[in-house]
Structure formats: C-alpha cells, structure tokens
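Derivation of every value follows stated rules applied to the coordinates shown; laboratory data play no part. Because the structure is a prediction, the values reported are computed rather than measured. Neighbour counts run over all protein chains shown; Cβ positions are idealised from the backbone, glycine included.
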Amino acid sequence: MTKFKMLPLTGNQAIAEAMRQVNPDVVAAYPITPQSAIVETFSKFVADGKVDTEMVRVESEHSALSAVVGASLTGARAMTATCSAGLALMWEIVGVASGLRCPIVMAVANRALSAPINIHCDHSDSMGARDLSWIQIYCENAQEAYEMVLLALRLAEHPDVMLPVMVCEDGFITSHCVQNVKIHDDSDVRKFVGERRSEHNLFDFRHPVTIGAIELQDYYFESKRQQQEAMKNALKVYLETGKELSKLTGNDYGYFEKYRIDGAEAIIITMSSSAGTAKTVVDRMRNEGKKVGLLKIRLFRPFPYEEVKEAIKGVKAIGVLDRSFSFGANAPLFSEVKNALFDMEKRPKVQSYVFGLGGRDLLEEHVEYAFKELLEGKLTGKEKYLGLRE
Amino acid sequence: MNLKELAEKRPKFTSGHRLCGGCAVPIIVKAILAGTEKPVVAANATGCLEVASTIYPYSSWDIPWVHSAFENAASTVSGVEAAYKALKRKGKLNKEIKFVAFGGDGGTYDIGLQALSGAFERGHDFVYVCYDNGAYMNTGGQRSSATPYGASATTDPAGKVRKGKMEFRKNLTQIAVAHDIPYVAQASISNMPDLTRKAEKAFETKGPAFLLVLSVCPTLWGTPANATVELAKLAVETRFWPLYEVENGKYILNYSPAKKLPVEEFLRPQRRFSHLFRPENKGLVEDIQKHVDEKWEKLLNLCKEK
Amino acid sequence: MSEFPTNEQLKRKVGWKEKPIGGFITRAGSALENKTGSWRAFRPVIEEGKCIHCGLCAAYCPDNAIIFEKGKRKGVNLDYCKGCGICSKVCPVKAIKMEEESKFNSK
C-alpha cells in the first residue's frame, strides 16, 4: 500500500503541490486570475526552501513562456501556468514551444477570453490554442489535476513525444474549490517522475547546437509532419504512462472515463468539472430507470477518435456539451465527436450543446433537460444552448 | 585586446553566413564574442543576424545558440540563465557559463523593450548586445524608434508632405541606465579596442550589462559596402554616436573628438538622408545638428557630475 | 550519433523521418559549407611588400576571410570573401587593392 496524505486543497493548491513534488529547475510565471494561487503557492515553497526551483518573476506571460522555453532548451525541467488573456498573450510562443519540441508542462486554469472581459470559467482559452501542437488534458477535479501534472511531465519528456502539455482545470470551479485531495508520497512521486534526460541542449559546449533556425519552404513542412507524428505517438504513450501512474495512485487515466455507459440509450459527452454535475444527474436518472450515461473526455489533443467511436457503440443519442464556441462552425468537442462517428455503419444522433460560457453555472436541471431531449429524440441539426437567456 | 589578437582568435561566429557584404553586424559579433574565454550561450532575436546566420540547415554559430521569437531575446536568455542557476544549485553543473543576447534595434527598442526591461529589473547575469542600424533592416528597412530623425524608412518615407521620420531617436542607453544595471555602454566598430574592452567588461560584470553598438547597413543606408567602418567613424566624430559608458551609475566619456565634424558629413553619404539636401527641405539638417549638440552637452554634464 | 547535417545530407535535403526533431542543427558551423566567395564581384589583392601585418584587415573582415596566423597576414580565404572591400579601406598603408573578379576567372 503506497503512502499518502489527505489534504483539503483547491485545484490550484493541488497543482502547486504536484509542482513541489516535481521540483522543477525553473518556473517562470505571471499571475492571472484564477491561476494566481498556483504561482503564489509555489512562490511560498520557493521562499521556504521547500524546492530548489529558480523562480523567474517575469513581467508578462509572453516572457513567462519565453523564459520557460529558454530553460527547457538547456535540458532543464521548466513549468508554468496561465489562462485566458495570459494564454492569448503568449500564443506566439505556444507554437514556438511545440515547434522547438520543448517538454514543458503548463497548467491552464480555464478562463473565458476577452472581450467582454470575464474572469470566470470557460474553455475558449485552451480551445483557441488547440491547433498549436500541445497535448491537452482536461481535469474534472483537483485530484485529477494534481495527478495529471505528474503524468503530463512523463508524457512530455518521452523521446517519442517531446511535446509540451497543457493540463487544464476549470477556473474558479476547480481552481478555487477546496476538495479532498490524496497527495502521494514525495519519494514515490519523485521515483515516478524521474530525471529528465536530454540529448542535445544549450549547455553542451563540446557539440554546440543551434536551435530555432529559420526553415524556409524547403524544410518547414517536414518539421510540422514530425509534430503530427509525435501527437500520434502521444496516444500510445499517454496510456502507457497512465498505466504506470495507476500503479502508484490506484486511479485510472484512460482517454476518457465511461460513467454508466453500459446499456445507455442516451449519453452526454463532456470534459472537465461539468462531468461531475453530469454524474450526479446520471445517477438520479438511472435510479428513475432512465438509461443514461456519461463519457468524460480527458485527452482532447491528440483526440482518440477510434476509441471514442468504440466506446459509444450502441448508444442511440449523444449530447455533446462544449464550454466554448467555435464561432461560425461546430463547437470544438462536438466537432471532434462528429468526426469520430462519421465512419460508423450505424451512426447515433448527435446534438451540440454549448453551455457555461463566462462562468455561467451548469445546473443539474440543465443536464437533465439535455438528457430528456436526447431520450425523446428531440435533436435538431442546430447548436443548442444550456443556461442561456434568450 | 589589440586588433592582432582579435584577428587571430578562433571564430565562434564562422564564415559562410549570409549577411550582406560590408555589413557591420558580423564585425560586432566577432568583437563581442571575443570578450570572454568562458563558455558562452547566445540568445538571438529575429532579425538580420538571426536569419542570415541560421538558414536551415546551415549555422554560423560555433556556440550554443537559441532563437525563439522577435521580441523575447531578453526573456529567452532569462530562462537560460535561470536554468543555469538552478542546475548549478542542484550540483548538476559546475562550470562558469556566460550569457549573451543579441538583438537589432528592431527587436530591442520597440517590440523587445518590455522583455529587456524585465530582464534588467530581475538582475539576470547576462550581456544584452543591441546592434543598432536604425530600422527593421531584415525586412526591408521599416522604421523603428531607433531610426534617426530625418531618415527615410519604408514605413516613414520622405515625400512631399512628410520628410521621413520626424521623431528623434529614443535614447535606449539612458533607459538602460535608468534600470540601475551595473554596466551600460555605447560603442562603435570604428573604435575596436574600445568595443572589445567594453565587451570584456560587460561579460565580467555581475548582473545585467547592456551594450548599444552602432551598426552600419550599406544595403539600406545606401552606402558602398567598403565604407562601413568609415561611416561608423563619422558617426562618432560628428558626435552623432558618442562613445561612453555608465558603470554603476557613473558616466564616463570614452572619446571626445578633437575636431567636431558637422553631422552633415555623416548624413551626406547616405541615400536614406539624401532628401535632406534638397532645397525644399532646408533647415532639417540644422535641426539634426542642434539636436546632436544638445544631446552632447547633456552628456558632458552627466559625465562631469560627481 | 553524427552531427546534422553531414555534407551528404546537405546535398539531398532530408525527409521528416531523418531530420532531427525541433529543427536542431547539431553540426556547429555548418555554414562553412556555404562558400560565400561566389558572391564576389571584386577580389582583394594584397601587396606583399607594403603589408605591415597590423592585423586590421583580418580583424575587420566581416567574413573571417583574411587569414592571420602567428602575427602574420597569411592570405585571403577566397571561399568566403564577398569582396566588400572593407579590408582595402581600413588598411593603414593602402596595401590592398580591390580588383575585378572577372580578371581572375580562368574560364
């Protein structure tokens, strides 16, 4: 039986705790609501000598990720955290980090993008960056966020992957909510996380390396193809790493969590904290004899199309809950699910629901309403909204 | 270091780069990198130096080198330096490493100013070298806040109504001094012993050091490739580009030209200033001279202060 | 592991499977394979008798194309000389003349 402590922690504190156990070489971060407590909590660890990390108190998020990229390219372990406008500001470097194949782990306390300015939760920030070749993992609660930071580090640093990872938690909802978090033993975590090994880095003076050269029309395409291959590898490595972490934690880290899917006629597919609300509704409705279930997606990038298709076989109606718009197009998660289902002989009906923007609560009645529609077959081809005032 | 020593040094920046013939930048880089014998890691902002030295898969760098973006040479090097401190503290590294960031006036004065300021304020141990050719030369010569008054730039060209850039240069050297960093200096390739001495001093300085070095761009200044060093000399002799250093807040004037040449002698050979010599633009050269004189007096006063 | 790119790899432009990830160039100074001497329209000719071996030409050459060893100017590396003429201008004894490159082409 592995050792652990039960601590009352917010999502932010849990993530900071994971970072403490990892003891990265460099953390460069800029505060932004609702992520600030990650940086603040970690800063206190630094101030009290609980970590050996060199903390760089940068003057903006763009500089935060730039410094983390610089540090990562020396072969050091570098981490950061941001969300919303901060992620938007560092957007240029988000692509640089993945293009230079830096195994960075960044926590994202999902918050709505401006304008209008809003400090509360939705997924527009990380969804806006979904094509930038970062692995994206969405966490339901503080426990998942804590453990996913550890998984993410091993995943990022795997030689077949070497891509940065965004570990997403819902801003305010998960980040600020105190939960019971099982913190695993420091030495067990350190053993799992291990040491980073880098073959070519900026501190090799015998074979100096040039990083960040300009690749013209004759080479750029090949670099990007490599990133796509790394994403493909990540699908495999994610599961392998998850299995290894399971040995320590006892938890499961599949691409998704199947909640009472067996025999379900209608299911909801969603990510992050809304899954928690949905689980409560599934339980209640199941007690009433309704055949409903939930598929909670954890790994959004790379997207596990084949496995999602397998998982929902036999389901008649699917409601996909997205916490962001893709303006002028199908919402992100809905779009991926539809992609996954396209090749099926017998396709279930799929309905898009956008909810929770700018921190608008997803209430149980909203989920129940969605399930009722799905069970009654009230599906239109049009995007629907939960909790929106007409 | 004398010039013979510089001539014999094994180049850390090799031949085969694609900077224009007659460009001052490789001369600057050579002088800077000769300023330390210790292992050095360079970060480079997007610009002439970065692009021309690393067209994949060719690289002119015989030192570890990183480029990530245009405005973040200072923040990138901050991360590299922080990793060094961390690895040293953890006992994973034990050699002394020096850090340098190169940026043109483009990536330093304007878009890169924030990152520069942040790196200065945090006190990272590094040298920032800004090679100042007075415009975004790599992309054809768009104006920067370092473009001299009266110069014609592609985004502020001389025309019928506007006579080129009508704002005087931002004083980045003073901005660096205002950050209270231990060493700031202005240099020119026309005075190589002065430049190499400043490079050595900068690398020895604990904490941030800033070197602003005049760079001549024959291609877009419209001057012959062979006149680069002459022009750098004229810039200094006309007091357009004073050579001074500020060590822990104390100003030292390194060179006072015995014969103060009129700034016109620096401007006349350059195509980017040729419109100033047309009769309808009379008075602009005088404005420039007045400005040079004022800045010189101000500098003298700063150097006299005890 | 050999450094990238080897000369052979430079000639044929590697595919995505062979290219080192992250666009890293692990062969420092690979630019030395790029002989910029082909840019030249003028070539520096140094008059042996006049040269005082001060080293200024070599120190100033932007392309390290003037070979200076053990205190003596040994010659011009024509592989890289771009013919900018800076050497000629900085020479304190005017020992360097820029001659038209076409004069030297044997073709």
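Annotations
- For chain B, the mean residue ellipticity at 222 nm estimated from helices alone is -10000 deg cm²/dmol, where every DSSP H run of n ≥ 4 contributes -39500 (n - 2.57) and the total is divided by all residues, rounded to the nearest 500.
- Alpha-carbon centroids, segment B:161-201 and segment C:28-57: separation in whole Å: 30
- Taking the helices alone, chain C has a mean residue ellipticity at 222 nm of -3000 deg cm²/dmol, built from -39,500 (n - 2.57) per DSSP H run of at least 4 residues and averaged over all its residues.
- Cross-link pairs exceeding 31 Å between alpha carbons, from the set A:232/A:291; B:250/C:72; B:30/B:163; B:98/C:17; B:259/C:89; A:232/A:313: A:232/A:291; B:250/C:72; B:30/B:163; B:98/C:17.
- For segment A:16-80, the convex hull drawn through the C-alpha positions has a volume of 67 cubic angstrom per residue.
- Among A:376, B:121, sorting on how many other beta-carbon atoms sit within 10 Å of each Cβ, with the fewest leading, yields A:376, B:121.
- Fluctuation leader among C:59, C:41, C:31 - chain C, Gaussian network, Cα springs under 10 angstrom: C:31
- The largest-to-smallest principal axis extents of the Cα set in segment A:159-203 are 41, 25, 21 Å.
- P(r) tail fraction, segment A:202-296 - alpha-carbon pairs more than 21 Å apart, %: 61
- By the count of other C-beta atoms within 10 Å, a proxy for reagent exposure, B:305, A:229, A:364 are ordered fewest to most as B:305, A:364, A:229.
- Computed [θ] at 222 nm, deg cm²/dmol, chain A (DSSP H ≥ 4; -39,500 (n - 2.57); rounded to nearest 500): -12000 deg cm²/dmol
- Value in Å of the Kirkwood radius, where chain A supplies the Cα pairs that are averaged: 21.3
- DSSP beta bridges in the protein assembly as shown [antiparallel fraction, %, rounded to 5]: 35
- In segment A:250-325, GluC sites (Glu not before Pro) in a DSSP loop with at most 10 other beta-carbon atoms within 10 Å: A:288
- Considered as an equivalent ellipsoid built on the Cα gyration tensor, segment B:150-190 has semi-axes of 31, 13, 6 Å, the largest given first.
- Translational D in µm²/s for segment A:1-131 (Stokes-Einstein at 10 °C, 1.306 mPa s, Kirkwood Rh from C-alpha pairs): 106
- Highest-MSF residue in chain A out of A:49, A:254, A:328 [GNM, Cα springs under 10 Å]: A:328
- The smallest convex shape that holds all Cα atoms of the protein assembly as shown, its convex hull, gives 196 Å³ per residue.
- Each of the chymotrypsin sites (Phe, Trp or Tyr not before Pro) that DSSP puts in a loop and that has at most 13 other Cβ atoms within 10 Å breaks chain A; the longest unbroken stretch is A:1-326.
- Here chain A carries DSSP beta bridges of which approximately 25% are antiparallel, counting only pairs with both residues inside.
- GNM remark for chain A: springs join alpha carbons under 10 Å apart, and the peak mean-square fluctuation among A:213, A:88, A:29 falls on A:213.
- Antiparallel %, DSSP beta bridges [both residues in segment A:256-386], to 5: 20
- Part-to-part distance (alpha-carbon centres) for segment B:238-267 and segment A:347-380, which is given in Å: 72
- Zone residues, segment A:280-302, relative to residue A:364, backbone N less than 19 Å from point 7 Å out along Cα-to-Cβ: A:280-295
- Average other protein chain Cβ within 10 Å of Cβ, residues B:19-32: 4
- Percent of C-alpha pairs per 10 Å bin, chain B, short to long: 6, 28, 37, 22, 6, 1, 0
- The alpha carbons of segment A:247-390 give a radius of gyration and a Dmax of 14.3, 49 Å, in that order.
- The distance between label points at residue C:13 and residue C:103 comes to 3.9 nm (points 7 Å beyond Cα on the Cα→Cβ vector).
- Using C-alpha pairs under 8 Å with a sequence gap of at least 6, the mean separation divided by the residue count of segment B:3-304 gives a relative contact order of 17 percent.
- Cα gyration tensor category, rounded, prolate or oblate, for segment B:40-96 with a/c compared to 1.5: oblate
- Length-normalised contact order for segment A:256-386 - Cα pairs under 8 Å, 6+ apart - percent: 28
- For chain C, cysteines whose Cβ has no other cysteine Cβ within reach (under 4.7 Å): C:51, C:54, C:61, C:81, C:84, C:91
- Mean Cα-pair separation over length for chain A, i.e. relative contact order, pairs under 8 Å, 6 or more apart, %: 16
- More than 18 angstrom apart: percent of Cα pairs within segment A:326-390: 43
- Footprinting exposure proxy for B:181, A:261, A:117 (fewest neighbouring C-beta atoms within 10 Å first): A:117, A:261, B:181
- Nearest-0.05 FRET efficiency for residue C:33 and residue A:114, computed from C-beta distance (R0 45 Å): 0.35
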